[in-house]
1. Go through the stretch 293-314 and give me each residue that's assigned to a loop (DSSP other than H, G, I, E, B) and surrounded by 19 or more Cβ atoms within 10 Å (Cβ to Cβ).
2. Based on this model, can you work out whether Pro48 counts as more than 8 Å from the ligand (Cβ to nearest atom), under 27 Å from His178 (Cβ atoms) and modelled with pLDDT under 95?
3. Could you list all residues from the stretch 220-243 that are crowded, with 19+ Cβ neighbours inside 10 Å and modelled with pLDDT of 90 or more?
4. If the requirement is being more than 16 Å from the ligand (Cβ to nearest atom), part of a strand (DSSP E or B), more than 22 Å from Pro141 (Cβ to Cβ) and touching a Ser or Thr at 6+ places or on another chain (Cβ under 7 Å), which of these qualifies: Leu235, Leu216?
5. Across the stretch 95-154, what is the total count of residues that are among the aromatic types (Phe, Trp, Tyr) and touching a strand residue (DSSP E or B) at 6+ places or on another chain (Cβ under 9 Å)?
6. Can you confirm whether the stretch 304-322 contains a residue that is touching a residue at least 24 places away in the same chain (Cβ under 8 Å) and more than 23 Å from the chain's Cα centre (by Cα)?
7. In the list Asp290, Asp329, Asp251, which residue meets the criterion of being assigned by TED's automatic domain parsing to the domain that holds Gly220 and outside any strand (DSSP E or B)?
8. State yes or no: is Val264 part of a strand (DSSP E or B), crowded, with 21+ Cβ neighbours inside 10 Å, β-branched (Val, Ile, Thr) and in the same structural domain as Trp162 (by TED's automatic domain parsing)?
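The values are calculated or read from the model by the stated rules, or taken from the named source; none is laboratory data. Treat the numbers as computed from the prediction; the structure is a model and nothing was measured. Methodologically, a virtual Cβ is constructed for each residue, glycine included, from the backbone with ideal geometry; neighbour enumeration extends over all protein chains shown.
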Amino acid sequence: MEVIHIAALGLAMAASVRAGPTFYRDVAPILQQHCQTCHRPGEPVPMPLMDYQQAKSWAGAIERAVTARQMPPWFADPAVGHFANERSLSGAEIRTISQWVAAGTPAGNPKDATKPVHWTEGWSIGKPELIFELPADVPVPAAGVLPYRYVIVPTHFKQDTWVRLAEVRPGDRLHTHHIVVSVREPDSRWLSGMPVGKPFTLGERDSGGGMPGEFLAGFGPGAVPELLGPGEAKLIKAGSDLVFQLHYTTDGQPGCDRSRIGLVLAHEPPRRRVVMLAAANVRFRIPAGDPDYVLKASVTLHSESTLISLLPHMHLRGKAFEFRVVFPDGRTETLLRVPHYSYHWQLSYYLAKPMVLPAGTRIECTAHYDNSAANPLNPDPTKTLKFGPQSWDEMMIGYFEVATDLENGMEELLTS
Ligand code: HEC
């Protein structure tokens, strides 16, 4: 009896030794799939997680970050919606990492390894066909709070140009908080009278006159690469300018930035135009000390379109955000719920199944703010907050992208 028992135990132990996770067989594929988009050389993250040595030397921090679900960054309530770029780990994947760390980070057999993913250093969109660069270095001083800077860069496009992929790369990553590149169409009044090719700033609550241009691409913490479907593209009309909005932060060392945007063009005639829209609330006062102030915003679409992605945007008091859709027949559905918003991650959520929105559909956003002292990010709980560009002002914007008929732009979609 005793002997059988011990033998069984031995077998079980042998089995568990064989089955214990190893780096090459079990851990490397998780890092490839869920971590290396960010944790690879040339990306703005503290350490690459590309090989055994790197993973082993960070093993303790990796285990802490994944079991606390801090990494990979992902904030959608799993009970609502399904997203194509969902990157959180399953319970089984987290257990694999914990067991691997507990077993002393065994390497296993390199022959078990899956093929390494080939990441293009620099551009995530592959080699761009066109690159537009700031025409001169923008100096970043060593200290102080910097207003947003704008640089207008002409495209000199002689014909309408359809863009499949666009990516913004900062020249000075250390000092770049975020960059937004928008398209200014030739007949736009936005930023009229401003210099071309030279950095300028706007007043605190000045949007530059006219309707701001359409968002083309951005760089910022957690920004995810665009995921467009077949036949979908963004339009840059002939004669348009690109407007770089640049937000730098200072850290005691001066810097110097020459940011770029790379474009991959559509080679087949596009079937659907992709447009970034937003439901925004810009007239508000969030009372000092309020632990749960609620703001709402909504927009109605006047043409049929297909919803592709969602991007909640708030600043340091942002606490939670929700997108809902209200169909013309009154049916409603929650699209995304972010119960614990973090200003440090500006994530886009791409719908796993893009959703058709008939003309007359409303997108409604609800945002919650914690302006109390209990919010650890709150720089000043005694301040009443208004809309403004700096992180200690607030914002309430629900960005969303739709694919629509080729002749529809922002104005056609939003004005009846
Ligand atoms: C969207 C980009 C992104 C992805 C995907 C991502 N990380 Fe990170 N990670 C970061 C950034 C940026 C930081 C540094 C800023 C911070 O700590 O918040 C970081 C920090 C870390 C840290 C240091 C945390 C600490 O102790 O300070 C660890 C460990 C880590 N990541 C592990 C992982 C692992 C493991 C994965 C995959 C399972 C992963 N990350 C996926 C961007 C990412």
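1. Residues of the stretch 293-314 assigned to a loop (DSSP other than H, G, I, E, B): 301-304, 314.
The answer is Leu301, Met314.
2. yes
3. Within the stretch 220-243, Glu232, Ala233, Lys234, Leu235, Ile236, Ser240, Asp241, Leu242, Val243 meet the criteria.
4. Leu216
5. Step one: of the stretch 95-154, the residues among the aromatic types (Phe, Trp, Tyr) are 100, 119, 123, 132, 148, 150.
Within this subset, residues satisfying the condition of being touching a strand residue (DSSP E or B) at 6+ places or on another chain (Cβ under 9 Å) are 123, 132, 148, 150.
Within the stretch 95-154, residues that are among the aromatic types (Phe, Trp, Tyr) and touching a strand residue (DSSP E or B) at 6+ places or on another chain (Cβ under 9 Å) number 4.
6. Looking for residues that are touching a residue at least 24 places away in the same chain (Cβ under 8 Å) and more than 23 Å from the chain's Cα centre (by Cα), one finds at least one in the stretch 304-322, hence yes.
7. Among Asp290, Asp329, Asp251, only Asp251 is assigned by TED's automatic domain parsing to the domain that holds Gly220 and outside any strand (DSSP E or B).
8. Details: part of a strand (DSSP E or B): yes; crowded, with 21+ Cβ neighbours inside 10 Å: no; β-branched (Val, Ile, Thr): yes; in the same structural domain as Trp162 (by TED's automatic domain parsing): yes.
Here the answer is no, as Val264 does not meet what is asked.
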